[in-house]
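**Student:** Below is a structure I'd like to ask you about.
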Amino acid sequence: MSNRNVIIWLLTLVALIFLGYIIYNAIVNVESPPDFVCMMGGAGASPGKLSNPIGVGAGVKGSVYVADTGNNRVQKFTSDGRLVKMWGEGGSENGKFNAPMRVAVDPNGYVYVTDNGNSRIQKFSSIGEFIQEISSSGTAPGQLHQPVGIAVDVSGNVLVADTMNHRIQKFTSDGRLIACWGNEGPGTGQFESPWDVATDSKGNIFVADTGNNRVQKFDFDGKYICDWGTGGSERGQFNKPTGIAVDIDDNVVVVDSGNNRVQKFYSDGRIMSAWGGAGVGAREFSFPSGIAIGDDGSLYIADSQNNRVQAYRRHRSLMDMPFAPPVATRRPRGPVIRDIPIGRPTPPAAAPLVAPTPIPVQTGPPGEQPEPKPGESQDF
């Protein structure tokens, strides 16, 4: 073979490799949005209606729990939107709430609710029977100051985004403190009003570091691993990420509230997809705040200022093919957007986020709690 033919052969091989690399990256870095299923709620205080719902949790057998923040209650639905149970009213006694913000459900069906205005966690049975109060108001380790996010890890421990103390705390399921880390700031392992926390199948912990417009990843014991995101509206950037969840493939799904969208990442921060936009239709949002993912991959988003929850079914696509992911890249560093103070959400007429102050307590129950039909299980 002549030198000329060798050169042509090598150039052709290089071109084919380069073309294959481009096609490969197009496949593994593009994913279609999930399939829309239904909407739950609608503005109001009657059973099944919602008022500024901030959080949503996925339970066993397809059950969906909604933190109906403005109505100071929790509502339980089936995965297709049928109301099963509701409980709570304004107050500070056991079983009452002052702005419930998030819901997490453990494998045994116990329900944990962040009672933001009362600076505590409340634990319930799957049908709303009060079990215990976890923590109290304060700044000492084990105490909370207006917590928002909550999650249950692989060992059944309860992780709390202690929002206005700018830290993460880990408790046993009966409320004993295990770990506490973080303080206010933009540095590694620091937080600026973190709104949510999630955990994967390996025990890694992901924090929506809302005021710093980033996600931080820690190991099971709270040791820093990596972070990604900067302020902005491009893919991979954030404008107040307030919700975070991990799917059944250990990918990280983030509610990018100020950009009215959802973004999905590999566990090391490489972008997979981004979808959404401002509006009132399916796959449109008005300050979405919370997110939950069911055991079957179903996705639930608390579309807060549209007073509803949107439900989606996992979309099977080329992303489900067993390709190895491309080489990771480190996130770019950039300025932190601090133009909007972080805290309690307010109605659409006001700024999307304001300094947190307790929501006025309602004086009576929001409505009677409907019981399931005869023969219908209460424990979905």
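**Student:** Do you know which of the residues in segment 141-165 that are in contact (Cβ under 8 Å) with a residue 40 or more places away in the chain and assigned to a helix (DSSP H, G or I) is nearest to N108 (Cα to Cα)?
**Tutor:** T163
**Student:** Among the listed residues P33, P53, identify the single one that is modelled with pLDDT under 95 and closer than 26 Å to R261 by Cα.
**Tutor:** P33
**Student:** For F130, only one of the following conditions fails: (1) under 18 Å from Y65 (Cβ atoms); (2) modelled with pLDDT of 95 or more; (3) buried (at least 18 other Cβ atoms within 10 Å of the Cβ). What is its number?
**Tutor:** If we test F130 against (1) under 18 Å from Y65 (Cβ atoms); (2) modelled with pLDDT of 95 or more; (3) buried (at least 18 other Cβ atoms within 10 Å of the Cβ), just (3) comes out false.
**Student:** Search segment 292-307 for residues being open to solvent by less than 20 Å² (accessible area, probe 1.4 Å) and under 21 Å from T114 (Cα atoms), and hand back the single one that is nearest to the chain's Cα centre (by Cα).
**Tutor:** A292
**Student:** On to the next question. So if I check each of S267, S273, S289, which one is in a loop (DSSP other than H, G, I, E, B) and either among the hydroxyl-bearing types (S, T, Y) or over 16 Å from the mean Cα position of the chain (by Cα) (or both)?
**Tutor:** Only one candidate passes the filter, namely S267.
**Student:** Does segment 100-116 hold any residues that are out of contact with any strand residue (DSSP E or B) (no Cβ under 7 Å at 6 or more places or on another chain) and open to solvent by less than 20 Å² (accessible area, probe 1.4 Å), and which are they?
**Tutor:** Matches in segment 100-116: G109 only.
**Student:** Could you please give the count of residues in segment 260-278 that are open to solvent by less than 20 Å² (accessible area, probe 1.4 Å) and more than 19 Å from N306 (Cα to Cα)?
**Tutor:** 5
**Student:** Suppose we keep only residues that are in contact with a strand residue (DSSP E or B) (Cβ under 8 Å, 6 or more places away or on another chain) and more than 28 Å from M39 (Cβ to Cβ) within segment 77-94. Which one would you say is most open to solvent (accessible area, probe 1.4 Å)?
**Tutor:** Step by step, filter segment 77-94, then rank; the result is N94.
**Student:** Can I ask one more? Conditions first: (1) touching a residue at least 12 places away in the same chain (Cβ under 8 Å); (2) surrounded by fewer than 18 Cβ atoms within 10 Å (Cβ to Cβ); (3) among the basic types (K, R). K123 passes all but one, so which condition is the exception?
**Tutor:** That leaves (2) as the condition not met.
**Student:** Could you check segment 237-259 and list, in sequence order, the residues that are over 12 Å from the mean Cα position of the chain (by Cα) and open to solvent by less than 30 Å² (accessible area, probe 1.4 Å)?
**Tutor:** F238, K240, D250, N251
**Student:** Check G281, G211 and return the single one that is open to solvent by less than 30 Å² (accessible area, probe 1.4 Å), within 26 Å of P53 (Cβ to Cβ) and without any contact (Cβ under 8 Å) to a residue 12 or more places away in the chain.
**Tutor:** G281 is the lone residue from the list that is open to solvent by less than 30 Å² (accessible area, probe 1.4 Å), within 26 Å of P53 (Cβ to Cβ) and without any contact (Cβ under 8 Å) to a residue 12 or more places away in the chain.
**Student:** Still on this model: Among (1) part of a loop (DSSP other than H, G, I, E, B); (2) open to solvent by less than 40 Å² (accessible area, probe 1.4 Å); (3) hydrophobic (A, V, I, L, M, F, W, C); (4) free of Cβ contacts under 8 Å to residues at least 60 places away in the same chain, there is one condition I168 misses while meeting the rest; what is its number?
**Tutor:** (1) is the only condition that I168 fails.
The values are calculated or read from the model by the stated rules, or taken from the named source; none is laboratory data. Quantities reported herein were computed from a predicted structural model and do not represent experimental measurements. Positions of Cβ are backbone-derived with ideal geometry, glycine not excepted, and every protein chain shown enters the neighbour counts. Side chains are part of the model used for accessible areas, which takes the heavy atoms of the whole protein and leaves out ligands, DNA and RNA. Shrake-Rupley method; radii C 1.70, N 1.55, O 1.52, S 1.80 Å.
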